[in-house]
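Q: First the structure, which I've put down as C-alpha cells, then a few questions once you've had a look.
The values are calculated or read from the model by the stated rules, or taken from the named source; none is laboratory data. Here the structure is a predicted model, which means the values were calculated and not measured. Here Cβ is always computed from backbone atoms with ideal geometry, including for glycine, and neighbour counts include all displayed protein chains.
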C-alpha cells in the first residue's frame, strides 16, 4: 500500500514528525486535543484501530498488558480491562514512578471499566508498581507519530516510550521476545530510512490502523536496557525514578556513565502552535494534565482578568452571593430545570450558569431518540453536564461543562457511545462560551455551533435546554 505521506531522502526524525503533524491537521484527521503538533495524535478512527487488539493471538495469550496513557490508546486500555487482563499504565512523564496498576471495582460494569480506562480513572483506580516489583509484561502497546512497515517507530521526541521500555528491561519485566504494538492512523505509516533508527529506539512488531493489521516482522533489535550515555544529569533531575534505577544498576556492576549536557539546544525546535487555537483551548499533555497555555498575550490577559468584578457595584452581600453561586456551579450539581409533561422546558429565569463553561458537541443523534434516553446514557457514563441543549431535528446536542477538565473527562467517557444502533460523535464545540457578561446577558447563552467537520444546518426546531440531574 502506497504511503499517504512521502518522505524525501535525507529527512530527519523532526522532518518526518512535522510532515505527519501537518498532514493530519491539513486533512482534519484528528479529534481533540488540537493542534496535534508535539503530541501523539488523537487520530480519528483510534477506537476502530484499538478494537483490533483483541484479535491478536499475542493479546489473547497475554496476562499482563502495558498500555500508554495517551488518548488514542483509550480503547486499548478498555479492551484490556474488559478481557480481565492486568493493565499497567506508565506514570505520567515518569514523575513519581514507572507503572500504575489499574484495579477496577469488583464486578465492574462496562461503563465502570470505561471510567477506569480514562485519564481520571487511571488516577482514581490504580496502585503504584515499583522498580523492585516482580512483574512480567506480556504485551506492550505504545503510541507513535510515525512508524514504518519494517517496525521503525518515531515518537513525539521526548523519549518516554523508549525510557519506559529500557526501565522494564532493567527490572526484568520484558525481554527481546516481548511483543510491541503501536496504534496509528493509516497516514502515519510511512517509509522511515533505516539509518534513522538509533540503539535506544523501541521497534514494533504490529501496527494497528483503522483499516489494517500490519505484522512488521521487524529485524531490528529492541533496546537491551537503559543506555545511560544517552542521558545526562538534567534528565535525572526531571525524572527522579532514574536516580533509583541508576543506583540499582551501579550496585549490579553495570556501567552507568552519563552523557554530557548538550552545548546547545537540540535540533528540531518545537513547532509554535497557532495563536488562535492556543487561546481557545487548554493544553493537554499525554497523561491528561490540563493547564492554560502560557502563550497568551498581555491584551488577552487583560480581557480575562476579573472585569466582571468591575461591573456594576452590588455591595458586599451581592458579591458574596455571586461567589457562593459560582462555587455551587463548579460542583456541577446545583442547577435544575423543570421539564413539563408535554416535553417542553420551563426555564428557571433566575438560574445562572458559571460565567465560562466548556461546550461539547454531540453529533450523529439518531432520529426518534428521546432526550431522556440521552440523559440516561450520560448518567451511566458519568458525563452529566450542567446543561444539555437538545437539537434533535438537527441530530445533535450541546453539553455544557464547568471547565476544560470536566469536558475532557466527558469526551473520554463518550468515546464509542452508540444509541439506537447509531454511533455518536463527541468533540469540543466550535465556539466556546466565555468572556465577560453582566446582568441579564450573563444568563443569555449564545448558541453553540458544530465543529467544522459537521456543518451547521438551518434550524427547523427550536432548541430545548435541559439541565440534567447530577
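Q: Quick one: which helices (runs of 4 or more DSSP H) lie wholly within segment 1-104 and hold at least 3 residues that are touching a residue at least 24 places away in the same chain (Cβ under 8 Å) and either surrounded by fewer than 19 Cβ atoms within 10 Å (Cβ to Cβ) or in the same structural domain as residue 136 (by TED's automatic domain parsing) (or both)?
A: Passing ranges, in order: 13-26, 46-50, 74-82.
Q: Quick check: anything in segment 136-149 out of contact with any strand residue (DSSP E or B) (no Cβ under 9 Å at 6 or more places or on another chain) and either touching a residue at least 40 places away in the same chain (Cβ under 8 Å) or more than 27 Å from residue 36 (Cα to Cα) (or both)?
A: No, every residue in segment 136-149 fails to be out of contact with any strand residue (DSSP E or B) (no Cβ under 9 Å at 6 or more places or on another chain) and either touching a residue at least 40 places away in the same chain (Cβ under 8 Å) or more than 27 Å from residue 36 (Cα to Cα) (or both).
Q: Restricting attention to segment 159-190, and to residues there that are modelled with pLDDT of 95 or more and part of a loop (DSSP other than H, G, I, E, B), which single residue is surrounded by the most Cβ atoms within 10 Å (Cβ to Cβ)?
A: Among those that are modelled with pLDDT of 95 or more and part of a loop (DSSP other than H, G, I, E, B), it is 184.
Q: Let me ask something else about it. Run down 51, 100, 38 and say which single residue is modelled with pLDDT of 95 or more and touching a helix residue (DSSP H, G or I) at 6+ places or on another chain (Cβ under 9 Å).
A: Of 51, 100, 38, the one residue that is modelled with pLDDT of 95 or more and touching a helix residue (DSSP H, G or I) at 6+ places or on another chain (Cβ under 9 Å) is 51.
Q: Please go through segment 243-253 and give me each residue that is free of Cβ contacts under 8 Å to residues at least 40 places away in the same chain and surrounded by 14 or more Cβ atoms within 10 Å (Cβ to Cβ), ordered by number.
A: Within segment 243-253, the subset free of Cβ contacts under 8 Å to residues at least 40 places away in the same chain is 243, 246-247, 250-253.
Selection gives 246 alone.
Q: In this structure, is residue 408 surrounded by fewer than 20 Cβ atoms within 10 Å (Cβ to Cβ), in contact with a helix residue (DSSP H, G or I) (Cβ under 8 Å, 6 or more places away or on another chain), under 30 Å from residue 72 (Cβ atoms) and modelled with pLDDT under 85?
A: For residue 408, the condition - surrounded by fewer than 20 Cβ atoms within 10 Å (Cβ to Cβ), in contact with a helix residue (DSSP H, G or I) (Cβ under 8 Å, 6 or more places away or on another chain), under 30 Å from residue 72 (Cβ atoms) and modelled with pLDDT under 85 - is not met.
Q: Give segment 130-155 a look and list any residue that's over 16 Å from residue 81 (Cβ atoms) and either outside the structural domain of residue 39 (by TED's automatic domain parsing) or not in a loop (DSSP other than H, G, I, E, B) (or both), or say none.
A: Correct list: 140, 142, 146, 147, 153, 154.
Q: Among the residues of segment 417-424, are any surrounded by 18 or more Cβ atoms within 10 Å (Cβ to Cβ) and either at pLDDT 80 or above or within 21 Å of residue 35 (Cα to Cα) (or both)?
A: So far as segment 417-424 goes, yes, one or more of its residues are surrounded by 18 or more Cβ atoms within 10 Å (Cβ to Cβ) and either at pLDDT 80 or above or within 21 Å of residue 35 (Cα to Cα) (or both).
Q: Limited to segment 197-249, what total is found for residues that are under 22 Å from residue 17 (Cα atoms), over 28 Å from the mean Cα position of the chain (by Cα) and not in a loop (DSSP other than H, G, I, E, B)?
A: Summing the residues that are under 22 Å from residue 17 (Cα atoms), over 28 Å from the mean Cα position of the chain (by Cα) and not in a loop (DSSP other than H, G, I, E, B) in segment 197-249 gives 1.
Q: Here is a check on your reading of the model: is residue 123 in a helix (DSSP H, G or I) and on the phi < 0 side of the Ramachandran plot? Please lay out each step first, then the result.
A: Numbers: in a helix (DSSP H, G or I): yes; on the phi < 0 side of the Ramachandran plot: yes.
Here the answer is yes, as residue 123 does meet what is asked.
Q: Could you run through segment 202-221 and say how many residues are surrounded by fewer than 20 Cβ atoms within 10 Å (Cβ to Cβ) and within 22 Å of residue 163 (Cβ to Cβ)?
A: So the count comes out to 3.
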